[in-house]
Amino acid sequence: MWLHCIICWAYAGSAPKERPEAVKDFADQVFELSAVMLHDVVNPPAASRFYAYSLLAAYQVVQTQNKSLPDISQQFTEKPAFTPLPVPEALDHVFAATYAMLELGKQMMPSGYMLQEKQDAYLASYQKEYPLSEKAVATHKAYAEAVAQQVLQYAKGDGYTRLSTYTQYTPTQEEGRWYPTPPAYIAAIEPNWKNIRTFFMDSSRQFAPSPPAAFNLDSTSSFFTQMIEVYETVNHLTKEQREIANFWDCNPFAVQFTGHMAIGLKKITPGGHWMGIAGIACEKAQTSFDSTVMIHTLLALTLHDAFISCWQEKYKSDRIRPETAINRYHDQTWKPLLQTPPFPEYTSGHSVVSSAAAVMLTALLGDNFAFDDSSEVYFGLPVRSFTSFYQAAEEAAISRLYGGIHFRDAIEEGVKQGKALGHYVLNRLSPPDYSGK
């Protein structure tokens, strides 16, 4: 499997000479993408798209210079028409790859212009350690921008600009169906995301989960039993369960009301949380810069497809949230621990994407990879420690029950959905005849 071969290559120290801080610096620049998304209150599926194409731009620079790395784009369902670009003499690919990633984010995101300052700061910092001549800086920037432009052209064909042309979703009062939830009653987010082009899946329906438990208020039904489970769980949370729920909240739409004023609470998306974990893991494992870019890119591409798969099911089943069900049919005063995100319940997004991420990161960095997750320290939450990526994903999944925002079957089926997708991506990326040489 070429994934393992490449990681072995990274640990062997055969990577091109690079600055010792390159891995941490790269992870820091990935967070700059997250910071702009926080500013724009980017929704989770859209965030996964921005990460995927930005990281792909970085990877294109690295793969051009390091032929030990595979051309990932050739495994895409719709292959891009990238053309070879003139490579600057003595290319400093660490700088060029990072700059290309920021450039792509600058071009794609609504407030991407904010990344210009980050690009300038990154260049100034890099120049202190590894000075480039004025001419070299100009040629490196031009090359990075050209790579980003090619990836941007590919991104423009993914259907994102056509989302507003589809029939828009309208919630109904039909029993068992989703309806906007308090406190902000935000309209449904990205109901047509299933139409976004995938990277690896044949279609958004490829990993459809088993149907959710049918809406049924009989006290012996699966739906009613699960509804009461959410109610009782939230009412009797332990301190540890509360901490777990808050740690994995990752809801960029959370708001707090003060009088008549609604204040948005800055929170990273589920995808952003896992991108943070990737940076932490790469730094701990001391992977080379090239492998660090590869790991981030494969994770981002996997998260992108995972959100498409999940969102396809969300608007197909259009299932009611626990908060709505409990308030209507059991206790009108009840509130979940976490604010309910503004989209249908089934399947659990964090369960899907976390499970897919765990599959990918485990394949790349190994099972039983212990790490301290400091991704949420920026948001005032303490570090949590995990013995493996799978343990982290399992905690992320069950956190949705503790938070009162998902039924158990949405969590369990979401985990299956994410794992199936993750393994499928690995199989797509691991041709059986690859020699590893």
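Could you list all residues from segment 399-412 that are crowded, with 21+ Cβ neighbours inside 10 Å, under 26 Å from ASP367 (Cβ atoms) and of a type outside the set (Phe, Trp, Tyr)?
Listed by number, the residues that qualify are SER399, ARG400, LEU401, ILE411.
Could you grab me the full set of residues in segment 274-330 that are in contact (Cβ under 8 Å) with a residue 40 or more places away in the chain, outside any loop (DSSP other than H, G, I, E, B) and over 22 Å from the mean Cα position of the chain (by Cα)?
Residues satisfying the conditions are SER317, ARG319, PRO322, GLU323, THR324, ALA325, ILE326, TYR329.
Test GLN119 against the stated conditions and say whether it is over 30 Å from THR340 (Cβ atoms), polar (S, T, N, Q) and free of Cβ contacts under 8 Å to residues at least 60 places away in the same chain.
Criteria met by GLN119.
Among helices (runs of 4 or more DSSP H) lying entirely in segment 36-147, which contain 3 or more residues that are surrounded by fewer than 17 Cβ atoms within 10 Å (Cβ to Cβ)?
115-129
Taking segment 203-221 on its own, how many of its residues are touching a helix residue (DSSP H, G or I) at 6+ places or on another chain (Cβ under 9 Å), loosely packed, with under 14 Cβ neighbours inside 10 Å and among the hydroxyl-bearing types (Ser, Thr, Tyr)?
3
Taking the condition of being closer than 25 Å to GLY176 by Cβ, among the polar types (S, T, N, Q) and surrounded by 15 or more Cβ atoms within 10 Å (Cβ to Cβ), how many residues in segment 222-250 meet it?
Total meeting the criteria: 4.
Quick one: in segment 148-194, of everything that is part of a loop (DSSP other than H, G, I, E, B) and hydrophobic (A, V, I, L, M, F, W, C), which residue is surrounded by the most Cβ atoms within 10 Å (Cβ to Cβ)?
Per the stated criteria, the residue is TRP178.
Please work out if PHE379 is at pLDDT below 95 and under 20 Å from PRO341 (Cβ atoms).
yes
Name the residue that is farthest from TYR315 (Cα to Cα), counting only residues in segment 195-242 that are outside any loop (DSSP other than H, G, I, E, B) and aliphatic (A, V, I, L, M).
VAL234
Just to be sure, is VAL230 under 27 Å from the mean Cα position of the chain (by Cα), in the same structural domain as VAL42 (by TED's automatic domain parsing) and either at pLDDT 95 or above or among the hydrophobic types (A, V, I, L, M, F, W, C) (or both)?
Answer is no for this residue.
Based on what the data block shows, is LEU337 assigned to a loop (DSSP other than H, G, I, E, B) and either under 30 Å from THR198 (Cα atoms) or modelled with pLDDT of 95 or more (or both)?
yes
The values are calculated or read from the model by the stated rules, or taken from the named source; none is laboratory data. In this text, all values refer to a predicted model and were calculated from it rather than measured experimentally. Cβ coordinates were reconstructed from backbone atoms using ideal geometry, including for glycine residues, and neighbour counts include every protein chain displayed.
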